[in-house]
There are 2 protein chains.
Amino acid sequence: MAAQKRNMKIIVQKYGGTSVGTAERIKNVAQRIALRRNDVDALAVVVSAMGNETDRLLSLARNVADFPSLREQDVLLASGEQVSAALLAISLAEHGIKARSFLSFQLPIITDKKHAGAQIKEINISKLLQSFQEGEVAVVAGFQGITPGCEITTLGRGGSDTTAVGLAAALNANYCEIYTDVEGVYTCDPKVYVAARKLKRISYESMMELAGLGAKVLHHRCVDLARKYNVKILICSSFNNAEGTWVCEEDEKMEGTLISGVTYSRGEAKISVLGVPDKPGIASLIFIPLAEMGINVDMIIQNISRQNTADLTFTIPAEELEKALYLVTKAAHEIGAEGVHHDRHIAKISVVGGGMRSNPGVAARMFQTLAREGINIMMISTSEIKISCVIDARYTELAVRALHDAFNLGV
Amino acid sequence: MAAQKRNMKIIVQKYGGTSVGTAERIKNVAQRIALRRNDVDALAVVVSAMGNETDRLLSLARNVADFPSLREQDVLLASGEQVSAALLAISLAEHGIKARSFLSFQLPIITDKKHAGAQIKEINISKLLQSFQEGEVAVVAGFQGITPGCEITTLGRGGSDTTAVGLAAALNANYCEIYTDVEGVYTCDPKVYVAARKLKRISYESMMELAGLGAKVLHHRCVDLARKYNVKILICSSFNNAEGTWVCEEDEKMEGTLISGVTYSRGEAKISVLGVPDKPGIASLIFIPLAEMGINVDMIIQNISRQNTADLTFTIPAEELEKALYLVTKAAHEIGAEGVHHDRHIAKISVVGGGMRSNPGVAARMFQTLAREGINIMMISTSEIKISCVIDARYTELAVRALHDAFNLGV
């Protein structure tokens, strides 16, 4: 099998919605591929739906039903990637490049049955290898899969990236290039602080933390898949030729790095239940209803009990706040708590880096820095390679810049 | 198998692009289906792409390439029907009707490999029967097929109608309802003459002639398929509940009808080659290049030879005129003809009806009527149940109205 021959150079590229957002941009992508074609032995290109096509389709569905069936919504959404795959194949032919589009059912890319958030189970690469042998660029529709029962699924957020990494793993590709509208991964959001520096490389683990924290370059599921199959990812821009950022195994150079970056997220809200009776099992009465509604609770803190009651505070995605408040207020009443407060105006600021494993001073430096700026820390959570603090959203940019300086991340 | 039990009432419905053109109209279709659901044991609904979606997709393709590969164009266009099928299934669920969408590869609807104009070879109905047994309305994406090699095809013009009739034949359905933006088949275009009368029924043969002559209600391929499998078609409007027109085998009532209707087409152009040397084989030198370019020649006349030369006149689709003129001028030069004329401003007026088989006076009455109105006949062609005349396009409406009156077609 061609893909197993390690003397072949196989690359998987992925172009996101912005990169294929218009006919002009699709032509631009075709041109980039044409220039690149001869550097590699085989090329598979994964595409997302054009620009806001997925949102357009979703709003069509919501115009006919409040809660569209996920099965049918997947049939609907999968059409978006189908359109871009066909258009890119057409455009490549126009540039003199032999190309062929593949939808997931045609390969197939087999997934489980979880509509709107399916997981890839198996990718059959035989048609791709055949296409490579005929000298074609294989253009694969991202984001979509097919169940063994021939039902169309979609992979959920970051789905096309996951398709690309999955294909790279199945093809044993040299690496996977992910083209997007940013040039790579930065030490912090360049829009927030001009001192932001583009990273040459970042480990899977740090990238996963960043992705989980709201840095929108790659979805953490995709990074997790890459880590599992050791697929090297290069993140770069489809609009210029700037060097991108490699996402790969932690190597010696990276181990020297204390902190890879500072990131923030404003997509969460905070709920506090005050005066919760301090009895075993009480917390579960609050959190089980949330779990049953699929509401993801992120950070949880409980203060020290006074007079046999405690205050419980936790964060949830802001768009779930109303639903959550309804459930929590009901539960609070049932358990005899004193009241429920909430706050939508919060931000989570995080520092991430593999180096903090062997360096216990990171947390202290973070708290000191925020204190020096007069920023109150509402909640703290930590992992091996990450420290997050919830603060008032007004201080987001100030906090990012101060921490970026404090950890010497700048150019 | 459920479909074979003749005590079951199975109906196939087809809704065209205008009927599903917006979210509102899709909801309207869902409502119509909900009202109808209990009258039948099983219902399969075929949908076209929304409104001008096919044109939008085609123009995207033409923005990236002058001549898109037909294979990729089929992948692109098939997305249109996928979107409407999913949306209608979503909307039906919202109306409390169990429904499930099916794309051609999911059934499958097997076609030959002729991209952009494939023919249905086989329809597997087992998934539809299963869906019926579960009480679901099966929503089938029209216009698309799949080859045995898993390539997406489209059926060309009138493709969704063909899907509907093909399904009705495969399911042995009681009949096939085709919903469109007109109320049925008229004795002539109601926009041209208010006296136009809606037909209660029309034979397959007359309908095929009408379709071939440019009456846009049904494509002749679809009518031909219906005739072959004896599928009764009801043409009606999706915007009201007016009685439609049945297309079926000629019956006794219809045999009494001399003429079913008067129709016209302005989509053709006329080319004349003057002074063609009167030698065997000369005509083929003109027509072979046209055939090789896929240009469809409709009517051909050659006048009586004088001084060993003849004038040759024929009609072609107006949109092919430039290409045809180039080929014909070249051929005329090679064979030593005197010159080439052309005329874009022509119309073809036809009277159609099964009754004319046993009534030789129809042609005479047609020519007389046109003569009385001072309309010059440029070309004539006849079939068993149709007479067509080419006239100056300026007189189109006048001719339609005069013939409609002459054959007493009015209300």
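None of the figures in this text is laboratory data; all of them are computed from the coordinates on show. Bear in mind that the values here come from a model prediction, so they are computed numbers and not experimental data. In this analysis, Cβ positions are derived from the backbone assuming ideal geometry, glycine residues included, and neighbour counts consider all displayed protein chains.
Tabulated data
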{"item": "Linear extension gain, A:ALA195 paired with A:LEU274, 0.36 nm per residue minus alpha-carbon span", "result": "24.3 nm"}
{"item": "Relative packing of A:238-245, B:74-81, which averages over residues the other C-beta atoms within 10 Å, highest first", "result": "B:74-81, A:238-245"}
{"item": "Rounded to 5, the percent of DSSP beta bridges in chain B classed as antiparallel", "result": "60"}
{"item": "For the range B:2-181, share of DSSP beta bridges that run antiparallel, in % to the nearest 5", "result": "25"}
{"item": "The range A:276-328 and the range B:345-397: distance between their alpha carbon centers, rounded to Å", "result": "83"}
{"item": "Shortest-first distances to equivalent copies, position A:ILE335, nm, label 7 Å out along Cβ", "result": "9.4"}
{"item": "Phi to ³J(HN,Hα) by Karplus 6.51 cos²θ - 1.76 cosθ + 1.60 over the range B:118-125, Hz, x for Gly, Pro", "result": "6, 10, 5, 9, 6, 10, 8, 9"}
{"item": "Across the identical copies, how the B:ASN124 labels are spaced - nm, sorted shortest first, 7 Å along Cα→Cβ", "result": "1.2"}
{"item": "Average beta-carbon neighbours from other chains, 10 Å sphere, peptide A:53-64", "result": "4"}
{"item": "Tensor-based shape of the range A:332-411 (alpha-carbon gyration tensor, a/c under 1.5 rounded, otherwise prolate or oblate)", "result": "prolate"}
{"item": "Qualifying lysines (Cα of each under 27 Å from Cα of A:LYS228; at least 8 residues distant if same chain)", "result": "A:LYS5, A:LYS9, A:LYS14, A:LYS113, A:LYS114, A:LYS121, A:LYS127, A:LYS198, A:LYS200, A:LYS216, A:LYS253, A:LYS386"}
{"item": "P(r) weight above 24 Å for the range A:269-361, C-alpha pairs, percent", "result": "28"}
{"item": "Between helix B:321-335 and chain B: long-axis angle, C-alpha atoms, 0 to 90°, nearest 10", "result": "40"}
{"item": "Nearest-ten-degree value, helix A:220-229 long axis tilted from longest Cα axis of chain A", "result": "60"}
{"item": "Peptide-level mean, for B:24-32, of C-beta atoms on other protein chains within 10 Å", "result": "1"}
{"item": "Sorted peptide list for A:166-178, A:84-96, criterion being average Cβ within 10 angstrom, highest first", "result": "A:84-96, A:166-178"}
{"item": "Cα radius of gyration and Dmax for the protein assembly as shown (Å)", "result": "33.8, 123"}
{"item": "Ascending list, in nanometres, of distances separating the A:ARG197 label from those of the other copies (7 Å, Cα toward Cβ)", "result": "9.0"}
{"item": "For residues of B:67-75, the mean tally of beta carbons on other chains within 10 Å", "result": "6"}
{"item": "Residue-by-residue Karplus 3J(HN,Hα) for the range B:344-358, coefficients 6.51, -1.76, 1.60, Hz, glycine and proline x", "result": "8, 9, 10, 9, 10, 10, 9, 10, 10, x, x, x, 6, 4, 9"}
{"item": "Shape call, the range B:2-181: gyration tensor on alpha carbons, a/c limit 1.5", "result": "oblate"}
{"item": "Residue of chain A whose Cβ sits closest to the axis mapping A onto B, with distance in whole Å", "result": "A:SER79, 2"}
